[in-house]
Amino acid sequence: MSPMAPGDSAPDEGDDARPPHGAHAPERRNPSRAGARALLDRLTDGFREFGPAPMTACAEATAYVDAAPCAGAGAGAGGATARRAAADPVGEGSVGAEPTAGVPTAGESAAGESAAGEPVAREQVDGPLGWPGYDQARARARTRTGEDESVVCGTGWIGGRETVLLCFEFGYLGGSLGERTGDRIEAAHRRARQLRLPVVTLVATGGSRMQEGMRALAQLQRVARQTALTRAAGLPQLAVVRDPTTGGGWATLAAGADVVLGLPGAQAAFAGSRVRPRDADPAAYTVEGQHAAGHLDLVVPEPQLAPVLAHWLTLLTGGDPDAVRDGAALDPAPVPAVPATAPAPEGGHAGGPAPLPRTGVEAVARARGRQRPRAGAYLDAYFGSRAELSGDRCGGVDPGVRCGFGLHEGRALAYAAQCGTPTRPAGYRTVARLIRLASRLGVPVLTLIDTPGAANGPDDERAGAGPALAEVFDAVAAATVPVTSLLIGEGGSGGALALAAPGRLWVTADSYFSVIAPEPAAAILKRTPDRVPETADALRLRPQDAVDLGVARGIVQVPYGR
């Protein structure tokens with residue numbers, strides 16, 4: 001958590017604040033700090049804000065938190081503005097609003113009664129800590145922004161997909177998280193689970209609200225619980241990192257989302273700017289720095305945010321409903337055809353299938369050849385559109401591995417593709433992340449295998465080559481969706497096998513699969529280099545050998561010269 005209560009800008013007088021609804025908004029230096037409602041208007045159609053909560057936060061939480069203490073008790077479930085009351089006449093899953101009457105003065109009892117006569121906790125003057133001036137600061141924030149809390153929640157349509165949206169208003173006390181913020185986030189996630197809708201969170205916060213002390217900090221546990229329940233329900237969560245996103249907001253709502261997007265130049269870090277080491281590299285605290293380190297998937301200019309979100313929502317919710325026939329959503333991914341990008345080799349003819357390699361050493365040479373199609377050609381030919389995840393969420397990115405979701409004939413599929421280089425630990429962890437996410441969302445997976453093996457330098461060992469491989473083996477073995485695999489080039493040992501689906505592996509004529517490459521095998525056996533071909537034959541590593549040995553189901557022929 002950033003120790004700054006409202007963030008790195010003064011919450012009462014900063015230029016990030018938004019005037020009341022209908023007033024003219026001043027020009028802002030950073031568009032990513034635009035007011036919450038203005039941003040929602042640009043991104044959505046038909047945004048409908050949730051109305052006031054029908055019960056206290058603690059009573060609502062008991063339906064989802066197994067007898068756990070309610071961090072939000074006393075978070076204000078009293079009256080609300082007429083605008084909010086009219087926004088959601090149903091009330092179920094709505095969020096607590098600011099009490100407008102009956103607030104006890106200092107020293108008075110905080111107890112009251114709900115409409116049903118049940119005891120309800122009310123907020124004390126100046127908050128749970130009695131922080132001098134806190135009520136006045138909130139009143140000024142309401143006047144300036146037109147909001148009565150730091151987050152606006154509701155439903156809206158993004159690219160034809162109905163979505164639950166949580167949008168932080170940085171002008172309200174720096175977008176800080178307090179108890180009522182926790183009320184709203186919890187209720188929004190409960191509504192998402194009730195309606196089976198994805199969740200998009202547009203984050204701009206300086207962290208937990210200092211004026212509410214540990215009662216505010218405890219909201220992070222409450223938020224984490226709700227996002228975990230939504231994750232377990234199989235619903236996608238996307239986060240957009242605006243400026244700034246620091247403290248607990250980064251550590252829970254943003255960094256913990258399935259897909260994390262960031263607006264250019266925005267701060268994205270656990271530490272706020274006023275508490276970082278004096279000599280810290282400022283680039284490490286930006287969305288660009290987090291993207292380079294594997295913690296954020298894509299940096300998106302704000303004008304492109306709506307179509308990018310719409311595309312991701314389509315990919316993570318199964319694709320085009322009209323393209324998926326009943327019961328076919330979980331059918332295995334079709335095996336890709338091989339793109340025709342190379343001239344026919346000796347013994348082949350234009351328009352016909354490539355001949356299979358006659359020897360082991362020929363199979364290795366063809367798999368290592370520069371002219372055969374690579375992962376990018378397969379992905380371009382197979383998917384009508386796609387979007388990529390970036391990074392392993394552990395500080396690493398492997399450019400030799402591409403993971404993401406795409407549309408194949410209108411149906412959403414996940415993919416993980418090796419690009420012919422030794423796969424690094426970050427690459428394997430990214431693959432594991434992809435497969436686990438696809439399993440949770442019910443999206444079948446396609447893997448394209450092409451690596452001489454796992455990277456094995458000292459840096460790779462220190463980065464956890466073995467544990468990273470173990471993660472992929474586990475993710476494939478535990479996948480609850482079908483995984484289809486195609487060996488398109490080199491299949492070097494366990495580094496390649498980790499991505500292979502048992503029982504659903506195909507190979508191409510330009511590939512080999514081996515327990516070890518023939519050159520190191522000859523070296524281990526103390527054979528001279530001239531015996532490498534003999535060793536290659538003994539390993540039975542040709543594509544037809546993989547089928548004969550029962551490792552692969554069949555050979556996808558390469559059509560040359562089309």
Residue match in the range 455-464 (condition: assigned to a loop (DSSP other than H, G, I, E, B), loosely packed, with under 14 Cβ neighbours inside 10 Å and not hydroxyl-bearing (Ser, Thr, Tyr)): yes
Sole exception among (1) charged (D, E, K, R); (2) part of a strand (DSSP E or B); (3) free of Cβ contacts under 8 Å to residues at least 12 places away in the same chain for ASP243, by number: (3)
Residue match in the range 424-439 (condition: crowded, with 23+ Cβ neighbours inside 10 Å, over 17 Å from the mean Cα position of the chain (by Cα) and at pLDDT 95 or above): yes
Filter pass, VAL308 being part of a helix (DSSP H, G or I), touching a strand residue (DSSP E or B) at 6+ places or on another chain (Cβ under 9 Å) and surrounded by fewer than 21 Cβ atoms within 10 Å (Cβ to Cβ): yes
Every residue from the range 194-223 that is more than 21 Å from the chain's Cα centre (by Cα), closer than 25 Å to PRO236 by Cα and open to solvent by 10 Å² or more (accessible area, probe 1.4 Å): GLN194, ALA218
Close pairs (8 angstrom Cβ cut-off, 6 or more residues apart or separate chains): modelled with pLDDT of 95 or more in the range 147-175, of a type in the set (Lys, Arg) and assigned to a strand (DSSP E or B) anywhere: GLY154/ARG48; THR155/ARG48; GLY156/ARG48; PHE168/ARG242; PHE170/ARG242
Residues of the range 316-367 satisfying the condition of being basic (Lys, Arg), open to solvent by 80 Å² or more (accessible area, probe 1.4 Å) and modelled with pLDDT of 75 or more: ARG358
Identity of the residue in the range 440-454, within 30 Å of ASP320 (Cβ to Cβ) and open to solvent by less than 20 Å² (accessible area, probe 1.4 Å), that ends up farthest from the chain's Cα centre (by Cα): ASP450
Tally, over the range 470-487, of residues that are buried (at least 21 other Cβ atoms within 10 Å of the Cβ), under 16 Å from CYS403 (Cβ atoms) and of a type in the set (A, V, I, L, M): 5
Tally, over the range 270-299, of residues that are in a helix (DSSP H, G or I) and either free of Cβ contacts under 8 Å to residues at least 12 places away in the same chain or open to solvent by 50 Å² or more (accessible area, probe 1.4 Å) (or both): 6
Among the residues listed as ASP510, ASP545, the single one being in a helix (DSSP H, G or I) and either open to solvent by 60 Å² or more (accessible area, probe 1.4 Å) or not hydroxyl-bearing (Ser, Thr, Tyr) (or both): ASP545
Yes/no for GLU471 being under 22 Å from the mean Cα position of the chain (by Cα) and closer than 14 Å to ALA426 by Cβ: yes
Only one of ALA387, ALA416 that is in contact with a strand residue (DSSP E or B) (Cβ under 8 Å, 6 or more places away or on another chain), in a strand (DSSP E or B) and buried (at least 20 other Cβ atoms within 10 Å of the Cβ): ALA416
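The values are calculated or read from the model by the stated rules, or taken from the named source; none is laboratory data. Given the structure is predicted, the values throughout are model-derived calculations rather than measurements. Backbone-built Cβ (ideal geometry, glycine too); neighbour counts: all protein chains shown. We work out accessible area using only protein heavy atoms, side chains counted, and drop any ligands, DNA or RNA first. Shrake-Rupley method; radii C 1.70, N 1.55, O 1.52, S 1.80 Å.
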